[in-house]
Amino acid sequence: MDPLIFLVGYITPYIAFFTLIFGLIYRVARWLSIPVPFRFPVAPAPITYTGVLKRMSLEFFAFRSLLKGNKKLWIGGYVFHVALAITLVSHIINVYFHDLWSIIGYGWYEAVLYSGIFFLAALAFLFVRRIVLPNVRYISKVSDYIILILLISIVFLGVYMRSFGLVDMASVSSYMYSLLTFNPIPPPENLWFLTHFVLAQALFIYIPFSKVSHLIGWILSTTRNMRNITRWRRHVNPWDYPVEVITWDEYYHKFKDELEAIGPGGERR
Amino acid sequence: MKIDRSLPARKYKLYATWKRDMETMKLPFPREWSHTNFNLPPNWKEIALKKMDEVVNKFRSVKLFLDICVKCGACTDKCPFFLGTLDPNNMPVARQDLFRSVYKRYFTLTGKIFRGFVGAEELTEETVELWYTYFYQCSQCRRCSVFCPYGIDTAEIMIAAREVLTAIGLSPRSLTEAIAKCETIGNHMGIPPAALLSAIQFAEEEIKEETGIDIKVPINKKGAEILYVPPSADFFGGPHWGTLKGALKMFHQIGLDYTISTYASEGGNFGTWLGYEHMKKINRKLVEEAKRLGVKWILGGECGHMWRVIHAFMDTMNGPLDFLEEPVSPITGTKFEHAASTKMVHICEFTADLIKHQKLKLNPDANNQYIVTYHDSCNPARVMGLIEEPRYILKNVCRNYVELDPNVNREKTICCCAGGGLLADETIELRLKAVRPKIEAIKRAGANFLACICAIDKAAFTEYFEHYKLPITVGGVHELVGNALVFD
């Protein structure tokens with residue numbers, strides 16, 4: 001076997017997979033290790049846990065805040081994320097539960113291909129937008145373009161090889177299954193598939209180190225996931241420290257004459 | 001959205017803190033410096049990075065927000081300071097990026113390796129200049145956060161970033177002058193006890209002339225049931241004056257057992273915008289005074305950032321407030337359960353409850369000369385969620401009430417653009433530009449009275465209307481309540 005194919009077929013898939021899993025675990029653990037000194041949600045915020053669940057669900061399923069602010073971007077972002085979800089689910093079905101298609105219906109299996117086209121269209125929109133709009137171009141770094149190019153390449157290869165039957169799905173599925181059960185068989189020596197696969201591995205490695213970690217991070221967003229109950233229930237700041245203030249006695253001393261003019265002991269009843 | 005790459009807002013810088021105030025407040029590196037010559041301490045970079053490491057490990061939100069922003073651009077056209085100037089650094093994400101890029105360079109693996117590729121930048125004196133400029137062009141109003149898919153809040157990043165600036169000896173006079181006065185004299189305006197007494201007496205005389213009733217306002221009265229803490233601007237006059245009188249008249253009508261304090265005569269808290277320590281210090285005095293006077297609970301006046309501190313931070317910083325009692329309205333018997341722990345009630349909550357129980361004698365016709373609209377201040381709206389109560393009061397005390405354009409109203413409000421330390425003469429040009437969409441909305445609504453519940457709003461909008469030559473009166477919700485009160 002070609003050493004390169006050995007590498008990307010047997011070694012790097014595991015590196016990528018574990019980097020993704022442990023990288024994300026590390027990321028979340030690191031965020032969780034930092035205290036939340038204040039209860040400071042952005043109002044109007046719910047006061048019950050059910051309310052928070054509703055707020056967060058709307059964010060997750062409807063991208064509600066984005067919808068409020070930018071309808072065009074909402075469409076692009078929403079189509080992208082839904083297509084991504086469909087793609088991930090169908091990949092899992094293909095590899096793990098292949099028989100499921102006979103229950104769901106092979107019509108859906110074909111339909112997934114069209115979601116790939118929407119996927120590409122949405123990514124292209126996001127990419128063009130990043131270049132064309134001066135405000136978004138100003139805030140974009142090289143990495144913001146690269147991640148889109150990476151995604152576009154992966155999705156394009158996937159859609160392309162499947163549409164034109166350039167790859168044998170059954171052998172890819174069995175190979176992937178063998179990887180996931182830690183009993184790898186030789187990868188299909190198909191350039192389309194291998195490129196698609198290697199790029200996907202690169203994406204996996206990239207995720208925990210980058211802004212893509214928002215996929216979990218959004219849940220921890222304190223402006224959204226906290227209840228607006230600060231005056232009702234005390235929130236404790238673990239790093240709080242005492243401060244010195246001018247006391248009444250010092251103050252009284254400083255303004256004794258003026259205060260006595262108000263009344264005895266500064267009191268006016 | 002168009003941007004102006006020449007950075008037109010870079011010229012707006014707040015003036016430097018006086019050396020004497022830095023000494024009074026025990027700020028680091030008291031020295032002579034100016035907004036054009038920072039005169040930074042020799043090891044400033046080391047201090048800044050150390051402080052930065054500290055703040056990102058103190059506030060989960062800050063680290064999270066620095067990490068997960070995807071640069072989608074949803075916030076870019078939401079900041080009034082960007083809309084007014086088209087300066088790209090005033091886009092919330094770009095403002096954060098000034099901080100984020102340095103964070104990436106020194107505290108993330110990818111930034112250390114890939115540098116500019118992932119937007120990581122060295123910390124230089126120029127960076128510090130941009131920080132001081134643009135971090136003090138954020139009023140911390142949180143409008144951007146409303147539209148962010150992850151709720152990323154520029155205000156929280158600015159709170160952390162300003163801690164870093166303070167640590168290397170950079171803070172604006174517009175904040176520190178007021179803080180120093182508050183910590184030594186008792187309030188931001190620097191009103192000593194004698195002047196406060198005269199202000200109160202003057203208010204009493206005016207109320208006597210207008211309504212014929214005699215009132216006597218208790219000051220520093222031990223054993224009163226309620227401590228009333230307004231922002232000190234209310235004692236000072238101007239557009240705030242009617243609010244003070246309105247509240248005092250209302251307290252008289254319902255026979256409230258209350259007191260105001262000279263020691264804790266400031267509800268406002270400019271420390272909020274500088275850092276944790278001074279925010280806590282200023283707020284602490286309220287707590288100490290409530291304890292000394294032996295009141296049952298505290299009633300807070302019309303002030304925006306004051307309520308940010310009270311609603312979100314007070315109990316955490318200076319609690320538990322066990323020596324106080326759970327607030328109950330002595331007039332209606334309503335328990336303010338939502339304030340069970342902090343034991344502070346907003347005057348709008350208090351008044352709305354009075355109106356609901358028909359405990360006020362009101363004649364809304366007294367405000368018939370006004371077409372009233374309500375300006376949602378950023379803090380009551382986006383920190384407290386206090387949106388309905390003021391409207392409920394207004395609809396009961398005046399007949400002509402109009403709402404503003406929903407795009408700049410309620411939780412989407414465009415603020416007065418003078419919070420966050422920006423209420424200074426040197427920023428007036430910037431603020432006039434930024435507040436433009438709000439002014440236009442007020443004009444479109446056809447109002448001639450702008451009611452607000454924030455002292456800074458009142459000061460700022462009065463200035464703006466003068467500049468734009470608009471015949472619109474600015475006043476508090478309780479000014480209109482005061483007008484509508486009937487005494488027989």
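The values are calculated or read from the model by the stated rules, or taken from the named source; none is laboratory data. Keep in mind that what you see is a predicted model, and the values were worked out from it rather than measured. Positions of Cβ are backbone-derived with ideal geometry, glycine not excepted, and every protein chain shown enters the neighbour counts.
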Item to check | the stretch A:148-189, residues that are of a type in the set (G, A, S) and either surrounded by fewer than 16 Cβ atoms within 10 Å (Cβ to Cβ) or under 20 Å from A:I93 (Cβ atoms) (or both) | outcome: A:G158, A:S163, A:G165, A:A170, A:S171, A:S173, A:S174, A:S178
Item to check | Per-region count, the stretch B:395-406, residues touching a residue at least 12 places away in the same chain (Cβ under 8 Å) and surrounded by fewer than 24 Cβ atoms within 10 Å (Cβ to Cβ) | outcome: 8
Next on the checklist: Looking at (1) among the basic types (K, R); (2) crowded, with 22+ Cβ neighbours inside 10 Å; (3) more than 23 Å from the chain's Cα centre (by Cα), which one does B:R162 not meet, given that it meets all the others?
Outcome noted: (3)
Next on the checklist: crowded, with 18+ Cβ neighbours inside 10 Å, closer than 30 Å to B:V345 by Cα and at pLDDT below 95: which single residue out of A:T222, A:T230 fits that description?
Outcome noted: A:T230
Checklist entry - Hey, any hits in the stretch B:213-225 for a residue that's under 27 Å from the mean Cα position of the chain (by Cα), farther than 22 Å from B:K343 by Cα and assigned to a loop (DSSP other than H, G, I, E, B)? => result yes
Next on the checklist: Step by step: first the residues of the stretch B:17-70, then only those that are among the hydroxyl-bearing types (S, T, Y), part of a loop (DSSP other than H, G, I, E, B) and out of contact with any Pro (no Cβ under 8 Å at 6 or more places or on another chain), then the one that is farthest from the other protein chains (Cβ to nearest Cβ). Which residue is that?
Outcome noted: B:S34
Item to check | the stretch A:131-143: number of residues that are in a helix (DSSP H, G or I), within 8 Å of chain B (Cβ to nearest Cβ) and either in contact (Cβ under 8 Å) with a residue 12 or more places away in the chain or touching a Phe, Trp or Tyr at 6+ places or on another chain (Cβ under 9 Å) (or both) | outcome: 3
Next on the checklist: Can you find a residue that is without any contact (Cβ under 8 Å) to a residue 40 or more places away in the chain, of a type in the set (D, E, K, R) and not in a helix (DSSP H, G or I) anywhere in the stretch B:468-480?
Outcome noted: yes
Checklist entry - Taking A:N228 and the conditions (1) part of a loop (DSSP other than H, G, I, E, B); (2) more than 7 Å from chain B (Cβ to nearest Cβ), which numbered condition does it fall short on, given that it satisfies the others? => result (2)
Item to check | Pair list, Cβ < 6 Å and 6+ apart or interchain, from the stretch B:445-465 residues that are under 10 Å from B:V372 (Cβ atoms) to residues that are assigned to a helix (DSSP H, G or I) and β-branched (V, I, T) | outcome: B:A451/B:V477
Checklist entry - If you take the residues of the stretch A:64-87 that are within 14 Å of the chain's Cα centre (by Cα) and surrounded by 18 or more Cβ atoms within 10 Å (Cβ to Cβ), which of them is farthest from the other protein chains (Cβ to nearest Cβ)? => result A:F80
Next on the checklist: Please go through the stretch B:116-129 and give me each residue that is surrounded by fewer than 16 Cβ atoms within 10 Å (Cβ to Cβ), touching a helix residue (DSSP H, G or I) at 6+ places or on another chain (Cβ under 9 Å) and either assigned to a helix (DSSP H, G or I) or within 11 Å of chain A (Cβ to nearest Cβ) (or both), ordered by number.
Outcome noted: B:G116, B:F117, B:E125
Checklist entry - Residues in the stretch A:158-169: is at least one farther than 26 Å from A:L123 by Cβ and not in a helix (DSSP H, G or I)? => result yes
Checklist entry - If B:R105 satisfies every condition in (1) closer than 28 Å to B:W44 by Cβ; (2) more than 14 Å from chain A (Cβ to nearest Cβ); (3) in contact with an Asp or Glu (Cβ under 7 Å, 6 or more places away or on another chain); (4) surrounded by fewer than 24 Cβ atoms within 10 Å (Cβ to Cβ) but one, which is the exception? => result (2)
